Amino acid sequence: MKRYRPFLIILGVNVLALGVLVILNRILTLYLNPYYLQILIYIGINIILAVSLNLINGQTGQFSIGHAGFMAIGAYASASVTYYGGPVISDFLINHFHFSEFLSKSFVFILALALSGFLAAIAGFLIGLPVLRLRGDYLAIATLGFGEIIRVVILNMDVVGGARGFTDIPGHTNFFWLGLCTFMTIFVIRNIVCSTKGLAFLAIREDEVAAESIGIHITKYKVGAFVIGAFFAGVAGCLFAHQVGYLHTNSFTFMKSIEVVVMVVLGGMGNIWGCVLAAIALTILPEVLRFFSDFRMVLYSLILILLMLGRSKGFFGGLKLRIRNLRAEIKN
């Protein structure tokens with residue numbers, strides 16, 4: 001029995017966490033103002049985007065500004081699954097396996113989440129192989145071009161609405177799915193960063209030549225970072241699509257990628273919890289300063305410039321170090 005105790009403890013904690021998410025979802029749906037609930041969901045989506053991009057830009061040292069392209073793939077792919085295939089799959093599960101309507105819809109949404117991440121990861125792999133021999137500005141331009149190609153291709157696909165946009169997407173996103181996906185994103189990427197693989201990513205960021213000289217497969221890790229980051233960006237796209245209920249390529253422009261880059265830089269390159277705080281701050285800020293919303297991107301651009309000039313580690317970049325020093329002082 002002692003042999004299985006750690007597994008049972010982890011299983012119990014996970015079951016408890018799922019129960020808490022279910023209860024919170026019920027409470028927030030019933031008692032929280034829909035406007036504030038929508039902001040909360042956008043915060044979670046931006047956390048997933050920022051943490052996933054942090055693996056590429058912050059931990060591996062690449063400069064990608066095409067993250068909105070991966071998000072768009074996930075959004076449109078998942079919307080297609082739930083809109084076209086959702087009713088068929090639900091009826092099949094209800095009639096042949098006696099699923100309840102709730103379980104059948106949940107199964108369809110889980111399928112949409114998985115497919116959105118999978119297709120975005122494939123796109124990350126395809127873009128990663130040819131362009132990751134590039135560095136710096138050249139890599140940024142290549143990823144920017146990729147994001148625009150994805151947007152223009154979707155814009156000319158009538159099956160997903162084309163220029164009219166994709167309408168009548170089922171509203172499956174709620175606090176439960178948001179909390180689950182956000183937790184999984186942070187959990188997976190933090191474990192990768194804190195593992196020996198994470199040290200390889202960090203070595204590539206610091207000096208690619210030195211990393212390759214000690215046997216690190218540069219291309220493998222770069223492509224791996226893109227694939228993992230793209231997967232979670234696709235999941236964020238799925239959550240976004242089933243929250244707003246309407247998709248248009250204007251939601252996935254170059255400026256959306258810049259927003260996510262600002263969150264990563266503000267949080268501190270390579271700092272996961274800093275990215276979480278930055279995503280929260282930059283999602284709430286436009287709502288607090290609603291009268292300044294027309295100049296939001298001007299504000300984001302100024303933040304980027306000031307951070308690059310004054311705080312290269314980001315506003316929250318030294319947060320972990322300060323907390324560690326505070327703990328040491330308390331112990332002493």
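The values are calculated or read from the model by the stated rules, or taken from the named source; none is laboratory data. It should be emphasised that the depicted structure is a prediction, and the values quoted were computed from it without experimental measurement. Heads up, the Cβs are rebuilt from the backbone with ideal geometry, glycines too, and the neighbour counts pull from every protein chain shown.
Candidates M184, M255: the one that is more than 24 Å from L113 (Cα to Cα), surrounded by fewer than 16 Cβ atoms within 10 Å (Cβ to Cβ) and within 18 Å of the chain's Cα centre (by Cα) is M255. Checked across region 104-114, the condition of being within 18 Å of V227 (Cβ to Cβ), assigned to a helix (DSSP H, G or I), touching a Gly at 6+ places or on another chain (Cβ under 8 Å) and modelled with pLDDT of 85 or more holds for no residue. Can you find, within region 133-175, the residue that is surrounded by the fewest Cβ atoms within 10 Å (Cβ to Cβ) among those that are small (G, A, S) and within 22 Å of the chain's Cα centre (by Cα)? Among those residues, the one meeting the criterion is G171.
Only one entry of L178, L277, L239, L247 meets the criterion of being in contact with a strand residue (DSSP E or B) (Cβ under 8 Å, 6 or more places away or on another chain), surrounded by 15 or more Cβ atoms within 10 Å (Cβ to Cβ) and closer than 25 Å to N25 by Cα, and that entry is L247.
Return yes or no: is V188 within 15 Å of N57 (Cβ to Cβ), in contact (Cβ under 8 Å) with a residue 12 or more places away in the chain, part of a helix (DSSP H, G or I) and of a type outside the set (D, E, K, R)? No. The selection criterion, being in a helix (DSSP H, G or I) and either over 16 Å from the mean Cα position of the chain (by Cα) or at pLDDT below 80 (or both), does not hold for A225. Flag set for L93, criterion: among the aliphatic types (A, V, I, L, M), over 30 Å from A50 (Cβ atoms) and surrounded by fewer than 22 Cβ atoms within 10 Å (Cβ to Cβ). Of all residues in region 275-288, none that is free of Cβ contacts under 8 Å to residues at least 60 places away in the same chain has its Cβ atom under 6 Å from the Cβ atom of a residue that is assigned to a helix (DSSP H, G or I) and crowded, with 18+ Cβ neighbours inside 10 Å, 6 or more apart or on another chain. Only one of the numbered conditions (1) under 26 Å from T29 (Cβ atoms); (2) aliphatic (A, V, I, L, M); (3) assigned to a loop (DSSP other than H, G, I, E, B) is violated by I89, and that is (3).
Residues D168, D137: which one is in contact (Cβ under 8 Å) with a residue 60 or more places away in the chain and on the phi > 0 side of the Ramachandran plot? The conditions single out D168.
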